[in-house]
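Rule-based calculations on the coordinates, nothing more; no lab input. On a predicted model such as this, the values are computed, not experimentally measured, just so you know. Here the Cβ positions follow ideal geometry from the backbone for every residue, glycine too, while neighbour counts run over all protein chains shown.
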Amino acid sequence: MIRVQETNRTSGGEDGIHSRRSAGQSAPARDTEVLPDSADVLAGPEDDLTPEQLAAQWEEEKPPAAGPLANAASSLVVLGIGVGSLVLSVAMGLGTPEAPQPGLWPFLVSCVMVALALFQLVAGRHNRDAEKFTRMSMAPVTGLVTLAAMVSLMPVIGFELPALVMCIVWMRFLGGETWRSTLLVSAVVVVSFYGIFVLALNTSIPHLF
Amino acid sequence: MDFLNPVLNGFVVVLEPMNLLYCLIGVVIGMLIGVLPGLGPAATIAILLPLTYNVEPVTAIIMLAGIFYGAQYGGTITSVLLRLPGEASSVVTVFDGYQMAKQGKAGTALGLASIGSFIGGTASIVGLTFLAPIVASFALDFGPAEYSALALLGILLVATISNGAKTKALIAAAFGLLLATVGRDIFTGESRFTFGSLELADGIDFVPIAMGIFGLGEILYNLEERHRAAKAPSTVTNVWPSRKDLSQASGAIGRGSVLGFFLGILPGGGATIASMASYAMEKKRAKQPERFGKGAPEGVAGPETANNAAATSSFIPLLTLGIPANATMALMFGALLIQGVTPGPQLVEQDPGLFWGVVNSMYIGNILLLIMSLPLVGVFVKILRVRAAILAPVTALITLLGAYTINNSMFDVTLVVVFGIVGYLMKKFGFEPGPLVLAFVLGSLLESSLRRSLLVFGGDPTGFFSRPISATLLAVFVLVAVLPGLRSLLAKRRAATADPATTKIKETV
């Protein structure tokens, strides 16, 4: 089974799609290419996966799992939030069940949270449900930076230019589009958003033009 | 006939041009995002929440509901053609649907799935029509004690049935409850967790949380995984299944409808679980189970029917009890609250136009979807060529600008980005975002009914067990909370006693 999966990875998804294309049509006359046939041979082992193997393959394609450190870190963050809100709720006053003060309900919830965090800290040591931060994680970070820049610049210079920059960064650098399509699509997107939000809906979104 | 009058009046509501238009918009959007891998229905509904501010409540919910069940239709297309499930509820369709496509029967698989979806959805609406008023009239006597117990049970079930780590899902739910307490305490008027911020004094709005955690969080998360470029087949022919295929799949469609309907009602259930249960059931019932995974029509028809039936019937707990059964329904709940409508047992009596308008719009929506997925399937297959790299910035922009339009405030936009970070990190660290949003929506209801019932009981928590319904619900709550721990303990003990035997088997294998 392991060998089957390795061939899958090397043969990649593209070949499978070609064979799908040829198989998906019952009237092949017009669209038949030479390529699908050879692709069919290549993609053979991938296409014959049983559901179990397919599930295993999806499992393998998932991002790598993070180690025990991730569990400890996330549990400690939760613990911190829980303890923090616990202290704040006690400060608000608990009261009695028949005459509760504002802090009673948050106090109860914080207690549950602290208990769950402690349980997770110990019992979740060997769980592998967190994902590792890899080089790919730079993409969301970059995305976030552009979003944050947009939020801070929008009140100052309107939404058009920050939105254009954001589109260009996301399409060219995060999505790997060509410069041509990036510039073209970005411009179309910003113009149409201007049309929808400013001209058509007449909203008060800060805009430059 | 008295019973049927409001039902028929509901059709009058649906047939208003505005409502028909929004129904069409909803199902088309649902179909599109179902076809495109990446954004799910919950994220889409969250992102589009600002659109619903300026329309009538019934129109808004008709559109959002259309997105939800439309996505169930659309998710099938990528599962069958590309072996990429468009939605979580279409994962099992991949197993047999793609094999059918390989055998040249892609059209048949898609046709069977659409017809099954249509039958399952429609059967579920009929069931909803008759069951919902009964549940609502039963729940009319519910007091604060019953509501506290129901909300607690609902949150627990959604957290524990969701896939992924249960403790983490519960932590997410607790965090949602805490977020709901931010702002003014409704009983004493004191500020809680506002840290002196004026913007937080009125509490955090539901929309920025939903848009951030479901919408932006998912967009950011998707940036990280590179979707394989999906090359769509240019045409799909022969979508009309033959009579033989239909008769082979008819049993599966019938069973899927019933199974999906009941699994959809249960809190924590819903489309994904229904499709998986249906696949397992069909495989178990089949005379030649080895056909499954090799292109068995039942393996497509059953799950696709079940997920649509479940998507429809999960409206029952929301519209009759005011308790959302899953994360998407929590969004509907929030959307209704924005419109000033509190879903609950009174809804069907007090606002029959809204109730039956939404329910009956699903007939229309299902017919529209059937049309779109049989003759027009080729159009949607073409959509697959839109690349994720282009879609991501567009959805992110819609989210940010949409968030601004809610209150014309940059504070909301900032909140969306902050909760986007929270949502992304939660996904990274294995915390389900669904329970957080659900608990947030139910938080104030839970707190106020808990405090009210404690007032009634004179501060005695055992009072909850003096009322039969709340006692039963709490007993189930305890059972659900304790059962997994008990089961793993038993399994451990059994493993310890049976250890020598298992090692022996392993050796021989």
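For the reader, a short list of remarks on this structure follows.
- The stretch B:87-241 shape via C-alpha gyration tensor axes, a/c threshold 1.5: oblate
- For B:Ser191, nonlocal amide neighbours, meaning residues 5 or more places apart or on other chains whose placed amide H falls under 5 Å from its own, are B:Asp185.
- Dipole magnitude for the protein assembly as shown: about 1640 debye, using +1 per Lys or Arg Cβ and -1 per Asp or Glu Cβ, origin at the Cα centre.
- Sequence-separation-based contact order of the stretch A:50-146, relative, with Cα cut under 8 Å and 6+ spacing, percent: 38 percent
- Annotation for A:Val90 and B:Leu198: the two label points, set 7 Å from Cα along the Cα-Cβ direction, are 3.4 nm apart.
- Global form of the stretch B:4-466, assessed from the alpha-carbon gyration tensor, a/c cut-off 1.5: prolate
- Fewest neighbouring Cβ atoms within 10 Å first, the residues B:Leu479, B:Leu153 line up as B:Leu479, B:Leu153.
- Computed from point charges on the beta carbon alone (+1 for Lys and Arg, -1 for Asp and Glu), the dipole magnitude for chain B about its Cα centre is near 2360 Debye.
- Using the Cβ-Cβ distance between A:Lys132 and B:Lys287 with R0 = 45 Å, the FRET efficiency computed as 1/(1 + (r/R0)^6) comes to roughly 0.50.
- Charge context of B:Glu56, other residues only, Cβ under 12 angstrom, K/R +1, D/E -1: -2
- Summarising the amide proton neighbourhood of A:Gly103: residues at separation of 5 or more, or on other chains, whose placed amide H is nearer than 5 Å comprise A:Gly93.
- Distance from the alpha carbon centroid of the stretch B:443-467 to that of the stretch B:133-192 works out to 13 angstrom.
- Compactness of the protein assembly as shown, expressed as Rg and Dmax over alpha-carbon positions, Å: 25.7, 81
- From helices alone, the protein assembly as shown scores -23000 deg cm²/dmol at 222 nm; the rule is -39500 (n - 2.57) for each run of n ≥ 4 DSSP H residues, then divide by the residue total.
- Ordering B:Trp240, A:Trp170 from the fewest to the most neighbouring beta carbons within 10 Å gives B:Trp240, A:Trp170.
- Residue order, fewest to most surrounding Cβ atoms within 10 angstrom, among A:Thr134, A:Thr182: A:Thr134, A:Thr182
- Over all orientations, the stretch A:68-123 has a Cα convex hull whose mean projected area works out to 3.6 square nanometres.
- Amide H partners (placed H, <5 Å) of A:Ala65, local residues excluded: A:Lys132
- Pair-distance distribution P(r) for the stretch A:61-209, from all Cα-Cα distances in 10 Å bins starting at 0: 10, 21, 19, 20, 23, 7, 1 percent.
- Selection from B:Leu266, B:Phe465, B:Ser242 lying farthest towards where the dipole of chain B points positive, charges on Cβ: B:Ser242
- Prolate/oblate/rounded label for the stretch B:268-345 (Cα gyration tensor, a/c 1.5): prolate
- Mean Cα-pair separation over length for the stretch B:142-223, i.e. relative contact order, pairs under 8 Å, 6 or more apart, %: 16 percent
- With both labels modelled 7 Å from their Cα along Cα-to-Cβ, the B:Phe130 to B:Gln350 distance reads 2.9 nm.
- Point-to-point label distance, A:Leu201-A:Leu184, nm (Cα→Cβ direction, 7 Å offset): 2.7 nm
- Residue (of B:Gly104, B:Ala173, B:Asn360) at the positive-pole extreme of chain B, dipole from beta-carbon charges: B:Gly104
- DSSP H segments from chain B that extend 15 Å or more along their own axis, Cα-based, with Kyte-Doolittle mean of 1.0 or above: B:4-14, B:17-35, B:57-82, B:106-139, B:144-161, B:166-181, B:327-338, B:352-373, B:388-407, B:410-428, B:433-456, B:468-497
- Whole-number percent relative contact order across chain B, with pairs defined as alpha carbons under 8 Å at least 6 apart: 28 percent
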